[in-house]
């Protein structure tokens, strides 16, 4: 068990290095000269060749790529991602709070998604083919086909404008969580509940259910076994939901003016603020790799068979 | 062919196929089908309600909503389809090579896929737009760059399963060339897997594109696109909420049709399902791979 | 005296309506072993599960299953459940899948015994140890703490037999219990089945398509094909002079395959029985 965790953890180290390198060279793919971008962003009226040269030196662009990468990587480990081209502030001073805000939104949503999809998934699996199962699946089908911004707009229209119950933007009160979390939960619960349902259903046909019943075990015990086995699949899926939702709250954040990563990244893209984009990608890609590793470990812990094969 | 027949017997599936085909055809022949010029401004007709000339009414600049919807099919549906075909194509070539030749080539290609899959797709799409600039073509490019690895993974798994089958071994013994074996024996049987996977990825790509357009990162005004039409409607959401109806319902209808189509395709193409009523067992993919398609807009 | 009498058993798919087992009737005498043979898909397992009323959802059944004078088909689910395990017990083909993959073997065994007996923890452990030793399982306590995937198919079959020894059911339904095993484990498991019958005096329905095993165990044989019973009689009669062509085809095509097995079993043919 310990060995598996160690081995699995070790694999993610080179992966993190490659990911960080790719993130770094993303910048060089840009068709624009970074020095020019900086000058543009700072609103310099006349860009001369000398000024460009000076800025390049100041940015350290004359040094070889690998040296620049290594320096950048080391400073990233200290959470120093450079300064924003536009405002000149350190990137982390903008990104850090935004990350925290998005994390809060994500965690609340993930909890809501887990509760809702397990409850609905189990319910539908136990009532497979009945009216309840069919109608829940039908509703979720339509809801997953609905763009989240449309859903968000409709909710705002109804709950904030018509009923004047909930705030439409910001994150000042607990109430301001309700609408964004609802939108995220509805968009994702449809998918995750289907995963829970189908893994429940495939467990229902397993031999151990048949044998358990043949031994006269009460239905309560059988259901517990089915749940335990089918939720094993769901555990890793739910773990992976965290970074995925962390990375795709963009639309929801923009609609509800949530001061998080999504709002920050879209603004940075529109103003071509590369250091922020770079740091944003790096942080999310790194958390993706880390959570992936972590969820494999959790999976090994709950699934004894995997533990030994690994 | 018998499976296809089985598929058509399913009424819901036939209906969704009809919706998809009509949309695609309407998009291709937009100039002939659309009643008006989608970009022609009539300030005197702002927010006009439906009339015989403008069947769905007019938007905030007096443009014909129906014509904009029909022209909007091109970026929202057709160009996404092109991006899908491109990434499935790349994924298929790599998946076939990895799954058929195995060994070192396979290990090497799969490590590349691992790296690609360890980037969250949504974030990377944003990053690519950020680096290359705002615009439809950059989003599509980002789709191709981010999705091929996931297709390669799935196709590899399916090719591997079939490459072990007896008739492929037999063909190898007979001295049939690798390319010929792939084309004659492996491609036809792995096609169902490819079809189901790409169809399920398609609906999430349509939704994502419309989300990016909604944020103003996609196609630029005055061109029509469903997500952008919704964004324009949102600005007048409080005074004219009905403006969201047409593009909203169109998007939901199309994506639902694709989802139903995927489900029915899966049932029709899977010999294990349908007849015996057994549930399909999940493929042994990595968690990251399995989850990639779960991103929605 | 007939312990179990099945009359006009019919199993069909509630959704598609296709009939999977049609009008089967047979009897099981007290203390005897009835083997159901036939190709896969002939309805053997379905018949077996229909007696336990454990066919999956979507499958419906009708007819009369008279066990100790009570029609099982008429019982409600609660009464039926109280008969499962203690009176009717089932042994499955694949031990790997028959036990809950995410807990150790002991959990299932203890839960089952707790359901049927009022033994305390130490008593249960002691009884399990004895039963497992008597089916020649080494280190019973160790096995109780193993996950199913850590044990071999033959061991898991013997664990299921050990549980039968403790439950002392009236009827044991064994659904292809030896099919998934290699020749040596097969030999051991068949030996344990013979001893199980000697020790508990239970009746047995033994589903198999391996005639070598059937010859060794069965008193009576019933042949199924495409969902219906086509022939039944004493084992000797079926093997030496089958009336039906299909039975003759089955017995002759299997004879060659069984030579190796017969050797291992010590050449136990019909003559010895």
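Taking one quarter of the surface of the C-alpha convex hull of the stretch A:1-103 gives a mean projected area of 8.9 nm². Can you figure out the FRET efficiency of residue A:173 with residue A:107, using R₀ = 22 Å and their beta-carbon distance, to the nearest 0.05? With a Förster radius of 22 Å, E is 0.80. Only beta bridges with both residues in the protein assembly as shown are counted; by DSSP, about 60 percent of them are antiparallel. As I understand it, the value is the acute angle between the Cα axis of helix B:226-235 and the longest principal axis of the Cα atoms of chain B; what does it come to in degrees, rounded to 10? So the helix axis and the longest Cα principal axis differ by about 40 degrees. Structural descriptor for the stretch C:98-168: relative contact order 43 percent, calculated from alpha carbon pairs under 8 angstrom and at least 6 residues apart. Separation of the stretch A:1-31 from the stretch A:154-224 is 33 Å, based on Cα centroids. Per-residue ellipticity at 222 nm from helix content only, as computed over chain C with -39500 (n - 2.57) for each DSSP H run of at least four residues, stands at -13000 deg cm²/dmol. Take the Cα of residue A:18, go 7 Å toward its beta carbon, and the backbone nitrogen atoms of the stretch B:99-116 under 15 Å from that spot belong to B:104-116. Note on the stretch B:128-187 and the stretch A:32-100: Cα centroid distance 39 Å, given to the nearest whole angstrom. Of the residues B:185, C:108, B:60, the one with the fewest other Cβ atoms within 10 Å heads the list, and the complete ranking is B:60, B:185, C:108. Does a label point 7 Å from the Cα of residue B:165, set along Cα-to-beta-carbon, have any residues of the stretch B:100-140 with amide nitrogen under 20 Å, and which are they? Residues B:100-102 qualify, since their backbone N sits under 20 Å from the label point.
Compute the angle between helix A:219-247 and the longest alpha-carbon principal axis of chain A, please, reported from 0 to 90 degrees and rounded to the nearest 10. Around 10 degrees separate the two axes. Value of Rg to Rh for chain B, rounded to two decimals, is 1.04; Kirkwood radius and Rg both from alpha-carbon coordinates.
Rounded to the nearest 500, the 222 nm mean residue ellipticity of chain A from helices alone is -25000 deg cm²/dmol, with -39,500 (n - 2.57) taken per DSSP H run of at least 4 residues. Dividing the C-alpha radius of gyration of chain C by 2.2 N^0.38 Å, with N its residue count, gives 1.00. Ordering of C:208-214, B:117-123 by packing is B:117-123, C:208-214, highest average first (other Cβ atoms within 10 Å, averaged per residue). Per-residue mean of foreign Cβ neighbours for B:112-121 is 6 (Cβ atoms of other chains, 10 Å radius). Each stretch of four or more DSSP H residues adds -39500 (n - 2.57); spread over every residue of chain B, this sum gives -21500 deg cm²/dmol at 222 nm. The mean number of partner chain beta-carbon atoms within 10 angstrom of a residue's beta-carbon across peptide A:248-255 is 5. The relative contact order of chain A, computed from alpha carbon pairs under 8 Å that lie at least 6 residues apart in sequence, is 28 percent.
From the alpha carbon centroid of the stretch B:8-58 to that of the stretch C:217-238 is 68 Å. Modelled label positions at residue A:115 and residue C:79, each set 7 Å beyond Cα in the direction of Cβ, lie 4.4 nm from each other. Taking A:235, A:44, A:91 as the candidate residues, the one with maximal mean-square fluctuation in a Gaussian network model of chain A, Cα springs under 10 Å, is A:44.
Computed over the alpha carbons of the stretch B:75-161, Rg followed by Dmax gives 13.8, 42 Å.
With one equal scatterer per alpha carbon and no solvent term, the Debye-computed log10 I(q)/I(0) for the stretch A:94-272 at 0.10, 0.13 1/Å reads -0.48, -0.73. Note on residue C:60/residue B:240: beta-carbon distance plugged into 1/(1 + (r/R0)^6) with R0 of 56 Å gives a FRET efficiency of 0.50. Ordering B:137, C:79 from the fewest to the most neighbouring beta carbons within 10 Å gives C:79, B:137.
Each of A:188, A:85, C:117 was scored by other Cβ atoms within 10 Å of its Cβ. Listed from fewest to most, they are C:117, A:85, A:188.
Axis angle, to the nearest 10 degrees, between helix B:187-214 and the longest C-alpha principal axis of chain B: 30 degrees. The orientation-averaged projected area of the convex hull spanned by the Cα atoms of the stretch A:56-127 comes to 7.9 nm². Averaged over residues, the count of other Cβ atoms within 10 Å places the peptides C:22-31, A:53-62 in the sequence C:22-31, A:53-62, highest first. Using only the C-alpha atoms, the convex hull of chain A corresponds to 173 Å³ per residue. Using C-alpha pairs below 8 Å separated by at least 6 residues, the relative contact order for the stretch C:1-48 is 36 percent. Simple spin-label estimate for residue A:165 and residue C:243 gives 7.6 nm between the two label positions (7 Å along the Cα-to-Cβ direction from each Cα).
Cα gyration tensor of the stretch C:93-149, axes a ≥ b ≥ c as square roots of the eigenvalues: rounded (a/c below 1.5), prolate (a/b > b/c) or oblate? Verdict is oblate for the stretch C:93-149.
Over all alpha-carbon pairs in the protein assembly as shown, figure out the percentage whose distance exceeds 39 Å. The share of Cα pairs beyond 39 Å in the protein assembly as shown comes to 52 percent. For the segment B:210-223, counting C-beta atoms of other chains within 10 Å of every residue's C-beta and taking the mean gives 3.
Placing one equal scatterer on every Cα of the stretch C:1-139 and applying the Debye formula, the log10 ratio I(q)/I(0) at q = 0.12, 0.13 Å⁻¹ is -0.63, -0.73.
Every number in this text was worked out from the coordinates using simple rules, so none of it is lab data. Worth saying up front: this structure is predicted, and the values here are computed from it rather than measured. We place every Cβ from the backbone using ideal geometry, glycine too, and count neighbours over all the protein chains shown.
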